[in-house]
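Remarks on the structure that follows.
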Amino acid sequence: MLDPAAPQLVVNSRFLHVSWLPADPDAVPALVPTGLRPLPDRRVFLGQCVVDDGCQTSGLGAYDLTYLGASLDGVDAPGGATPGGWWTHYITSTERVLGYVRMRGFPAYPGRTTIDVRADALVAETEMDGVPVIRIRCRVGETGHVIDGGQSRYFTRRDGQLLSSIYPYLVEPVSPFEIESIEFLEPEHPTYALRPANPLTIVAGFYSPRVAFAYPGGPTVHPGDAGLPDEQVGGTLAAATVRRPAHRAVSRPVSR
């Protein structure tokens, strides 16, 4: 098993990241620990990532992931340009990564993420227990000569404490980039609480076929109450996965 305190590096991953305003703003605070608070607009973020080959990581191997969560108020990443984030769901494809991130306090569950790009059409899909739960469609262009770099701050919960970590990244975004639709396919699934509003209001987003990032070592303890409602603690997400035909809630974007 990987040492959960050890940092890990990932390079050349395929990565889609999107942030939106939710259909049910009141659902967002219910998923955030009392020691943290969501932004006033209750914005939600989602990342879908595929690491195609084990040589792209320092020890994690090939894997894929989807994370979903709430942007936070008053706990920005270094530099103050990016709000911190609380992961509500972290879905990943291998036992190796699952064990590593669970030991770091991630709300992690098994599942699969795919990103398929054909010409200028991108479809990214997240499955749990073989059932599609999230699907995003985009129009994408080519990578240029721009490389964006920075740091993100994410929080996790372990042993009754809130943990804060800083995640460095480098991104080569495509241009143009447009979100066509975001579908939350299972109304009975816990992820559905964070579905986007209709009309779709995008706060930020990018797609890149080449993203480098690190899982940092040594998370720091953040002061505050790490408590969550009972139904949000302990592996209820996987048990709530529904085995039935998907219901599609499709939102269309406003002009961007």
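The values are calculated or read from the model by the stated rules, or taken from the named source; none is laboratory data. If you're wondering where the values come from, they're calculated on a predicted model, not measured in any experiment. Methodologically, a virtual Cβ is constructed for each residue, glycine included, from the backbone with ideal geometry; neighbour enumeration extends over all protein chains shown. The protein model used for the area step is the full one, side chains on, heavy atoms only, and it has no ligands, DNA or RNA in it. Shrake-Rupley method; radii C 1.70, N 1.55, O 1.52, S 1.80 Å.
Specify the residue that is nearest to Val97 (Cα to Cα); the eligible residues are those in segment 1-46 that are within 15 Å of the chain's Cα centre (by Cα) and hydroxyl-bearing (Ser, Thr, Tyr).
Filtering first and then ranking leaves Ser13.
Return the residue satisfying two criteria in turn: it lies in segment 59-75 and is assigned to a loop (DSSP other than H, G, I, E, B) and more than 12 Å from Arg37 (Cα to Cα), and of such residues it is most open to solvent (accessible area, probe 1.4 Å).
Out of the qualifying residues, it is Ala62.
If you go through segment 166-174 one residue at a time, do you hit one that is closer than 30 Å to Ala6 by Cβ, among the acidic types (Asp, Glu) and surrounded by 15 or more Cβ atoms within 10 Å (Cβ to Cβ)?
Yes, segment 166-174 has at least one match.
Among the residues of segment 53-69 satisfying the criterion of being more than 16 Å from the chain's Cα centre (by Cα) and without any contact (Cβ under 8 Å) to a residue 40 or more places away in the chain, which is farthest from Pro196 (Cα to Cα)?
Among those residues, the one meeting the criterion is Cys55.
Has segment 230-238 got any residue that is modelled with pLDDT under 95 and among the β-branched types (Val, Ile, Thr)?
Yes; the residues of segment 230-238 include at least one that is modelled with pLDDT under 95 and among the β-branched types (Val, Ile, Thr).
For segment 1-51: of the residues being at pLDDT 95 or above, among the β-branched types (Val, Ile, Thr) and not in a strand (DSSP E or B), which is nearest to His222 (Cα to Cα)?
Once the filter is applied, the top-ranked residue is Val32.
I need the strands (runs of 3 or more DSSP E) fully contained in segment 88-188, keeping only those with at least 1 residues that are polar (S, T, N, Q) and touching a residue at least 60 places away in the same chain (Cβ under 8 Å).
112-118, 121-128, 131-143, 148-158, 161-171, 174-184
How about segment 84-114: which of its residues are open to solvent by 10 Å² or more (accessible area, probe 1.4 Å) and closer than 21 Å to Ser208 by Cα?
Ser93, Arg112, Thr114
What are the residues in segment 207-223 that are open to solvent by less than 50 Å² (accessible area, probe 1.4 Å) and at pLDDT 75 or above, if any?
Result: Tyr207, Ser208, Pro209, Val211, Ala212, Phe213, Ala214, Tyr215, Pro216, Gly217, His222.
Among the residues of segment 176-199, is there at least one that is surrounded by fewer than 18 Cβ atoms within 10 Å (Cβ to Cβ) and among the basic types (Lys, Arg)?
No, segment 176-199 has no match at all.
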